[in-house]
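Scroll down for the structure; my scribbles are underneath it.
The values are calculated or read from the model by the stated rules, or taken from the named source; none is laboratory data. These numbers come from a predicted model, not from an experiment. In this analysis, Cβ positions are derived from the backbone assuming ideal geometry, glycine residues included, and neighbour counts consider all displayed protein chains.
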Amino acid sequence: MFLSIISYNVYEDTNNISEVSIMDNEALLKYYIYNGELVPTSDDKGFKEATPPLIYEVIRIIDGVPIFLEGHIERMRKSAELIGKTIKKTDEEITKEIHKLIDANKEHNMNIKLLCTNVDSPNQTFMIYYNKTSYPEKEVYEKGIHTILFESERENPNAKILNSDLRQRINDEIKAKNAYEALLVNRNGFITEGSRSNMFFVKGDKVYTAPAGDVLLGITRNEIMNVCREQNIEVIEKEVHRDSLKELDGAFMTGTSVNALPISTIDNIELDSVNNSIIKIIADGYLQKMQEYIKSKK
């Protein structure tokens, strides 16, 4: 679930999402899809017309297959519903346009973004495009990642709506502390999720993750939960307090581009996540699910 930074200054509160400036063109390669049509990425018209709220999904393409596409489309619709909007384009249209984009650019292993804007207009804008993609190297999985705590919470955690101001503040902190990800801590000191990921914590033979109502329900998160059920690993949906981190045996983040990525440090707390047997079983199980999905779509 890696979020791209867009130069809207969007602020979420309990009442609305406000807008300030113009969206940058972040489409890569030769073409992007603008309302069903192939458009050269040099043409900014879709981005210039975009107005908040910006409802989006990022999907990983592997061997030409959009991974867990059905779940991504469903979540995008739910994000719209949570703010009282409706995405008009059908699932079939979206699927067809994704493959049209893949065929036109001849790129079979990269992330794409679905973006719906102007949602209150009779003529909604729906764009699909390749965007900046970064996948962890093998060594990162072998060593684990450094993470930090960041005090923040989303007003509407289940909706995937871009908040560029918050994204930028978190990115600045991540860069300043040479971290890979930030764990969001709410006003009561509980960790809800990562800034661009879901978080799982391991204690003994049990896995802990924040309740569904408190986080963005990641597509990878859902599949990880399925793996745990299949492997008879107990998952407890309960937030972990920052003061309890030293008691953990391991932790990992999940997301579209990272799969299940072990965490070696949270601030100055060290965790032996890369050698944790529970995390290894879950990570391997998730990779198997991806392979099965790809095979089923070929």
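Does residue 104 satisfy the condition of being in contact with a Phe, Trp or Tyr (Cβ under 7 Å, 6 or more places away or on another chain), modelled with pLDDT of 95 or more and surrounded by fewer than 18 Cβ atoms within 10 Å (Cβ to Cβ)? Don't jump to the end; show me each part of the working.
On the way: in contact with a Phe, Trp or Tyr (Cβ under 7 Å, 6 or more places away or on another chain): yes; modelled with pLDDT of 95 or more: yes; surrounded by fewer than 18 Cβ atoms within 10 Å (Cβ to Cβ): yes.
Criteria met by residue 104.
Being touching a helix residue (DSSP H, G or I) at 6+ places or on another chain (Cβ under 6 Å) and either in contact (Cβ under 8 Å) with a residue 12 or more places away in the chain or not acidic (Asp, Glu) (or both) narrows it down to one of 98, 33, 61, so name that one. Can you show your working first?
Working: 98 fails: touching a helix residue (DSSP H, G or I) at 6+ places or on another chain (Cβ under 6 Å); 61 fails: touching a helix residue (DSSP H, G or I) at 6+ places or on another chain (Cβ under 6 Å).
Matching residue, one of 98, 33, 61: 33.
Kindly indicate which of 223, 193 is within 21 Å of residue 134 (Cβ to Cβ) and buried (at least 23 other Cβ atoms within 10 Å of the Cβ). Spell out how you get there, then give the answer.
On the way: 223 fails: buried (at least 23 other Cβ atoms within 10 Å of the Cβ).
It is 193.
What's the number of the condition residue 282 fails, among (1) free of Cβ contacts under 8 Å to residues at least 60 places away in the same chain; (2) in contact with a Cys (Cβ under 9 Å, 6 or more places away or on another chain); (3) surrounded by 14 or more Cβ atoms within 10 Å (Cβ to Cβ)?
Among (1) free of Cβ contacts under 8 Å to residues at least 60 places away in the same chain; (2) in contact with a Cys (Cβ under 9 Å, 6 or more places away or on another chain); (3) surrounded by 14 or more Cβ atoms within 10 Å (Cβ to Cβ), residue 282 violates only (1).
It is to be established whether one or more residues within region 241-251 are surrounded by 23 or more Cβ atoms within 10 Å (Cβ to Cβ), touching a residue at least 40 places away in the same chain (Cβ under 8 Å) and of a type outside the set (Gly, Ala, Ser).
Our first condition is that a residue be surrounded by 23 or more Cβ atoms within 10 Å (Cβ to Cβ); within region 241-251, this holds for 250-251.
Retained after the next criterion (residues that are touching a residue at least 40 places away in the same chain (Cβ under 8 Å)): 250-251.
If we keep only those that are of a type outside the set (Gly, Ala, Ser) as well, we get none.
No: region 241-251 contains no residue that is surrounded by 23 or more Cβ atoms within 10 Å (Cβ to Cβ), touching a residue at least 40 places away in the same chain (Cβ under 8 Å) and of a type outside the set (Gly, Ala, Ser).
All but one of (1) of a type in the set (S, T, N, Q); (2) surrounded by fewer than 18 Cβ atoms within 10 Å (Cβ to Cβ); (3) at pLDDT below 95 hold for residue 90; state the number of the condition that does not hold.
In the conditions (1) of a type in the set (S, T, N, Q); (2) surrounded by fewer than 18 Cβ atoms within 10 Å (Cβ to Cβ); (3) at pLDDT below 95, residue 90 misses (3) alone.
Being basic (Lys, Arg) and in contact with a strand residue (DSSP E or B) (Cβ under 8 Å, 6 or more places away or on another chain) is the filter here; which residues of region 57-87 pass it?
Our first condition is that a residue be basic (Lys, Arg); within region 57-87, this holds for 60, 75, 77-78, 85.
Scanning region 57-87 gives 60, 75, 85.
Name the residue, out of 239, 181, that is under 16 Å from the mean Cα position of the chain (by Cα) and charged (D, E, K, R).
On the way: 239 fails: under 16 Å from the mean Cα position of the chain (by Cα).
Exactly one of 239, 181 is under 16 Å from the mean Cα position of the chain (by Cα) and charged (D, E, K, R), namely 181.
In region 214-298, which strands (runs of 3 or more DSSP E) lie fully inside it and hold 1 or more residues that are out of contact with any helix residue (DSSP H, G or I) (no Cβ under 6 Å at 6 or more places or on another chain) and under 19 Å from residue 179 (Cα atoms)?
Values: elements: 234-237, 250-255, 259-266.
Of the strands (runs of 3 or more DSSP E) lying wholly inside region 214-298, those with at least 1 residues that are out of contact with any helix residue (DSSP H, G or I) (no Cβ under 6 Å at 6 or more places or on another chain) and under 19 Å from residue 179 (Cα atoms) span 250-255, 259-266.
Do we have residue 93 as closer than 30 Å to residue 265 by Cβ and either free of Cβ contacts under 8 Å to residues at least 60 places away in the same chain or among the aromatic types (Phe, Trp, Tyr) (or both) here? First the steps, then the outcome.
Values: closer than 30 Å to residue 265 by Cβ: no; either free of Cβ contacts under 8 Å to residues at least 60 places away in the same chain or among the aromatic types (Phe, Trp, Tyr) (or both): yes.
Considered against the rule, which asks whether it is closer than 30 Å to residue 265 by Cβ and either free of Cβ contacts under 8 Å to residues at least 60 places away in the same chain or among the aromatic types (Phe, Trp, Tyr) (or both), residue 93 comes out as no.
Would it be correct to say that residue 266 is in the same structural domain as residue 179 (by TED's automatic domain parsing), closer than 30 Å to residue 114 by Cβ and either touching a strand residue (DSSP E or B) at 6+ places or on another chain (Cβ under 7 Å) or small (Gly, Ala, Ser) (or both)? Show your work before the answer.
Numbers: in the same structural domain as residue 179 (by TED's automatic domain parsing): yes; closer than 30 Å to residue 114 by Cβ: no; either touching a strand residue (DSSP E or B) at 6+ places or on another chain (Cβ under 7 Å) or small (Gly, Ala, Ser) (or both): yes.
So residue 266 fails the test.
Assuming residue 78 fulfils every condition listed in (1) over 15 Å from residue 118 (Cβ atoms); (2) surrounded by fewer than 22 Cβ atoms within 10 Å (Cβ to Cβ); (3) at pLDDT 95 or above apart from one, which condition is it?
The failed condition is (3).
Restricting to region 47-85, what's the tally of residues that are of a type outside the set (A, V, I, L, M, F, W, C) and more than 17 Å from residue 120 (Cβ to Cβ)?
Here is the first cut: in region 47-85, the ones of a type outside the set (A, V, I, L, M, F, W, C) are 48-49, 51-53, 56-57, 60, 63-64, 66, 70-72, 74-75, 77-79, 81, 84-85.
Of the ones still in play, those that are also more than 17 Å from residue 120 (Cβ to Cβ) are 48, 57, 60, 63-64, 66, 70-72, 74-75, 78.
So the count comes out to 12.
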